[in-house]
Amino acid sequence: MAESQNSPTYPTREPVDFVVVGSGAAGGVMAKELSTAGFSVVVLEQGPHLQAADFKHDEWDYDYNGGLMWGIKQGHPQTFRKNENEEAVEAEAVLGYAHNVGGSSVHFSGNFWRFRPIDFMEASVRGTVPGTNFADWPISYEDLEPYYTKVDWEIGVSGLQGPWDPPRSRAYPCPPMPIKGPDVLLERAGKQLGLNPYPAPVAILSQPHNGRPGCIHCGFCNGFGCEVNAKSSSMATMIPLALASGNCELRTGCTVSRVNTGEDGRVTEVVYWDAEGTEQAQRANAVVLCANGSETPRILFLSESEQHPDGLANSSGFVGQNLMFNGYTSIVGLFPEPVNAYKSVPATRVIHDYYELDPNLGFYGGGGIDGRHYSRGTPLNSALMSGMFGGPTWGAEYKKNLQQEFTHTAAFDGHTTSLPLASNNVTLDPNVQDKYGRPALRCTYMDHPDDIQTMSYFYDRTVELMEAAGAIRYAGEYPENGQEGNVHLLGTCRMGDDPSSSVIDKYHRTHDVPNLFISDGSSLITSGRGQPTMTIMAMAFRAADNIIQAARRGEI
Amino acid sequence: MSKTEISRRAFLRSSGQAVKGSCIALTLPMILTACNRAEEARLRGEDFSSLTEEEAFEFDAISARIIPSDDSPGAREAGVIYFIDNVLANESEEVREVLRSGLRDLQSSAVSTFDVPYFYQLEEAQQDQLLLEIEESEFFGTVRFLVVAGMFSLPEYGGNKDEAGWNLIGFDDRHAWVPPFGFYDADHAAKGG
């Protein structure tokens, strides 16, 4: 069903130029770039087209009933195990992402760090890590810089070039967000410790840009959809342009079952269930999978055929492997005066002095630290978590503590590297199925010992910062026994020059299938320092640029 | 480790308790339907859609110990029992059985310890004594989750009446704020970094 008056309705039995699977951070960019370049595009999206007016300050729905993320009750179970010797068990949102137009760019917190030059060549500069697939990228920061700048200006990013930032060809379009209480505490503590806190770049507008309004500081960013379109999701920024092009049909409620190939090995059509549950097949000259680091591998596995017995585009065996979550640490402090961290955006200052840890520490890693609200800064989450300072979890004392904790706490979060490992992966669960009868996504994950040591290192740094900030009390955590889920789904169809150890080439074309492309979190080779969406979007702009040029040369 | 640092274990215990102690997982449309039905029922003078009168008295009494009424409204004044009623209207039989059997056990304790048949008839101190004994149970974890959720979720789900929960903790649900947001950023504006 066409979504907009300008939007065409393409017949399924005639090939469109491109089918784009997924409308998230990468899919939204891809749809906009291809359609405005004049190509006919059909976008298939599992979820509904929610827009600003649909979003509410509704914790109960979004955080406890799978409103955006979906889970077992919506017919989308997932399973998890720490290693391949365990039987995976059903769990909620292990591989977490939002099911709606714009994908997780709608409900994310909007932290938009660029990767730095070192992220693209760390394996050769620092040295490889034995037993891992840690490798250089086939592209450099310089290759991606024009596209980072495109993201800044077309998507809309607020920030200020910091002392640690890589060179940029153009300034940020919007100044940084006003500093919040947690970040004043972080900044003052950081300076006291000789560190260099600076304004955090965010995909949230600090002032009007591209016809969208500036942020009104309502505080419901992380986990929620923006009610005024100040958050720069692909839903708010790219999809409207794609629909206005007259070349893009957005089909919502559509779940892909497989991608079919012809005798020549080329992709011919994408098979899916439409919003009514009827099976359809859209013919296409080329297909771009932007379904995210868990769904893209699932589609490839489900598209197995005689020619592609281990799944489509999987001659390397790397599809689904090298899943990277990024590590995290979190510490919350109680302060004497009102912080009111529940207002405005998640983070306004970042410390990047620990971006690359000293190799002499004996482990690989690095990351950043930012100031945050505690437990998303929302009332229900905060109330459920009360007791972390050792107080009771119910009764008069609990009630008394609640009154101080909600307004007087600030959190410092660490965001860290994950190493790529073959043993951390997305596969098809042999026992559990979703409501369509597709095998459920099975996640196998155990953080590398270096990743856990990195988290431990960052946790200790945030303890120092809390002490310096003058917290009355503090408490915190990091997943010292390994993570059991995350919302960063990276590396599962990695880019590379060598077809035997990667799934896509440096132009995002799959090594095995000439008219099949992939662009999403799965394309990343290394994890970066914990804020991947900026890079996913920049890579999507670059991928689209190369796909358009190849199409115009008749090379698809 | 300084004295101000609370053990990570305590933190993890509290964060884990948030959801893992509970067996609740629901879909929103079902709850909203329940809320609408409950509102209609209330207008017709019928109080509860899923709880019996006895259960309503008992869970209301437990909620009043979890978030007591003192100089500010507690779970009882916030109407948390109506939230619980709405949520349970569409919860699985499995979950409802956890609550029913847990309540039966609690009433048995009331009889054996204080020779009183119903929990809600006990003195507050007696109620606290019995609840302390079952603090780690799935029953208590589920009820505690429902009470806190009812206290702090949007009022349209049936609890948090007159935003009693939000007022308690100092949350003001505005759609727009302007800086400064709190003490420290105001101080930063006045004195700099």
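Which pairs do you get when a residue that is within 9 Å of chain A (Cβ to nearest Cβ) and assigned to a helix (DSSP H, G or I), found in segment B:153-180, comes within reach of a residue that is hydroxyl-bearing (Ser, Thr, Tyr) and buried (at least 20 other Cβ atoms within 10 Å of the Cβ), reach meaning Cβ atoms under 9 angstrom, with the pair 6+ apart or on two chains?
If the second residue must be hydroxyl-bearing (Ser, Thr, Tyr) and buried (at least 20 other Cβ atoms within 10 Å of the Cβ), the pairs left are B:Tyr157/B:Tyr82; B:Gly165/B:Ser153; B:Ile169/A:Ser382; B:Ile169/A:Thr407.
Listed residues B:Leu131, B:Leu122, B:Leu146; which is more than 30 Å from A:Gly377 (Cα to Cα) and either at pLDDT 95 or above or in contact with a helix residue (DSSP H, G or I) (Cβ under 7 Å, 6 or more places away or on another chain) (or both)?
Values: B:Leu131 fails: more than 30 Å from A:Gly377 (Cα to Cα); B:Leu146 fails: more than 30 Å from A:Gly377 (Cα to Cα).
It is B:Leu122.
If I ask for residues that are of a type outside the set (A, V, I, L, M) and not in a helix (DSSP H, G or I), which ones from segment A:57-76 would you list?
Just the residues of segment A:57-76 that are of a type outside the set (A, V, I, L, M), to begin with: A:57-67, A:70-71, A:73-76.
A:His57, A:Asp58, A:Asn65, A:Gly66, A:Gly67, A:Trp70, A:Gly71, A:Gly75, A:His76 - these are the residues of segment A:57-76 that are of a type outside the set (A, V, I, L, M) and not in a helix (DSSP H, G or I).
State whether the residues of segment A:356-371 include one that is among the hydrophobic types (A, V, I, L, M, F, W, C), within 14 Å of another protein chain (Cβ to nearest Cβ) and closer than 29 Å to A:Asp119 by Cβ. Outline the logic, then answer.
From segment A:356-371, those among the hydrophobic types (A, V, I, L, M, F, W, C) are A:357, A:361, A:363, A:369; that's our starting set.
Narrowing the set further to residues that are within 14 Å of another protein chain (Cβ to nearest Cβ) leaves none.
No.
Going through segment A:1-56 one residue at a time, which ones are open to solvent by less than 10 Å² (accessible area, probe 1.4 Å), of a type outside the set (Val, Ile, Thr) and outside any loop (DSSP other than H, G, I, E, B)?
If the condition is that a residue be open to solvent by less than 10 Å² (accessible area, probe 1.4 Å), of a type outside the set (Val, Ile, Thr) and outside any loop (DSSP other than H, G, I, E, B), then A:Phe18, A:Ala26, A:Gly27, A:Gly28, A:Met30, A:Ala31, A:Leu34, A:Ser35, A:Leu44 are the ones that fit.
For every residue, the table says whether it meets (1) open to solvent by less than 20 Å² (accessible area, probe 1.4 Å); (2) over 27 Å from the mean Cα position of the chain (by Cα).
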{"residue": "A:Gln192", "(1), (2)": "no, yes"}
{"residue": "A:Asn196", "(1), (2)": "no, no"}
{"residue": "A:Ala236", "(1), (2)": "yes, no"}
{"residue": "A:Val288", "(1), (2)": "yes, no"}
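Could you count how many residues in segment A:406-445 are surrounded by 24 or more Cβ atoms within 10 Å (Cβ to Cβ) and facing another protein chain (nearest Cβ under 10 Å)?
Counting residues in segment A:406-445 that are surrounded by 24 or more Cβ atoms within 10 Å (Cβ to Cβ) and facing another protein chain (nearest Cβ under 10 Å) gives 2.
Name every residue in segment A:77-101 that is assigned to a strand (DSSP E or B) and surrounded by fewer than 18 Cβ atoms within 10 Å (Cβ to Cβ), in order of residue number. So that I can check it myself, show each step before the final result.
Keep residues of segment A:77-101 that are assigned to a strand (DSSP E or B), which gives A:78-81, A:89-91, A:95.
Selection gives A:Val89, A:Glu90, A:Ala91.
With the condition kept exactly as written, say whether any residue in segment B:114-124 is open to solvent by less than 80 Å² (accessible area, probe 1.4 Å), closer than 16 Å to B:Arg65 by Cα and part of a helix (DSSP H, G or I). Break it down into steps so the answer makes sense when it comes.
We begin by selecting, within segment B:114-124, every residue open to solvent by less than 80 Å² (accessible area, probe 1.4 Å); these are B:114, B:116-119, B:122.
Remaining after also requiring closer than 16 Å to B:Arg65 by Cα: B:118-119, B:122.
Okay, now just the ones that are also part of a helix (DSSP H, G or I), so B:119.
Yes - at least one qualifying residue is present in segment B:114-124.
Would you call A:Met324 within 9 Å of chain B (Cβ to nearest Cβ) and not small (Gly, Ala, Ser)?
Values: within 9 Å of chain B (Cβ to nearest Cβ): no; not small (Gly, Ala, Ser): yes.
Considered against the rule, which asks whether it is within 9 Å of chain B (Cβ to nearest Cβ) and not small (Gly, Ala, Ser), A:Met324 comes out as no.
Which condition number does A:Val125 fail, the rest of (1) of a type outside the set (D, E, K, R); (2) free of Cβ contacts under 8 Å to residues at least 12 places away in the same chain; (3) assigned to a loop (DSSP other than H, G, I, E, B) being met?
(3)
Here's a check for you: in segment A:28-82, which residue that is among the small types (Gly, Ala, Ser) and within 18 Å of A:Gly246 (Cβ to Cβ) is farthest from the other protein chains (Cβ to nearest Cβ)? Lay out the reasoning, then the answer.
Residues of segment A:28-82 among the small types (Gly, Ala, Ser): A:28, A:31, A:35, A:37-38, A:40, A:47, A:52-53, A:66-67, A:71, A:75.
Checking the rest, the ones that are also within 18 Å of A:Gly246 (Cβ to Cβ) come to A:28, A:31, A:35, A:37-38, A:40.
Values: A:Gly28: 25, A:Ala31: 28, A:Ser35: 33, A:Ala37: 38, A:Gly38: 40, A:Ser40: 35 Å.
Result: A:Gly38.
Tell me, yes or no, whether segment A:168-179 has at least one residue that is among the basic types (Lys, Arg), under 25 Å from A:Pro146 (Cβ atoms) and either more than 24 Å from the chain's Cα centre (by Cα) or exposed (fewer than 14 other Cβ atoms within 10 Å of the Cβ) (or both). Can you show your working first?
Our first condition is that a residue be among the basic types (Lys, Arg); within segment A:168-179, this holds for A:168, A:170.
Right, trim to under 25 Å from A:Pro146 (Cβ atoms) and you get A:168, A:170.
So of that shortlist, the ones also either more than 24 Å from the chain's Cα centre (by Cα) or exposed (fewer than 14 other Cβ atoms within 10 Å of the Cβ) (or both) come out as A:170.
Yes; the residues of segment A:168-179 include at least one that is among the basic types (Lys, Arg), under 25 Å from A:Pro146 (Cβ atoms) and either more than 24 Å from the chain's Cα centre (by Cα) or exposed (fewer than 14 other Cβ atoms within 10 Å of the Cβ) (or both).
In segment B:181-193, which residue that is open to solvent by 40 Å² or more (accessible area, probe 1.4 Å) and within 7 Å of another protein chain (Cβ to nearest Cβ) is farthest from the chain's Cα centre (by Cα)?
Among them, the one singled out is B:Gly193.
The values are calculated or read from the model by the stated rules, or taken from the named source; none is laboratory data. Computed from a predicted structure; not experimentally measured. All Cβ positions, even for glycine, are placed from backbone atoms using ideal geometry, and neighbour counts span all protein chains on display. Calculation scope for accessible area: heavy atoms of the full protein, side chains included, ligands and nucleic acids excluded. Shrake-Rupley method; radii C 1.70, N 1.55, O 1.52, S 1.80 Å.
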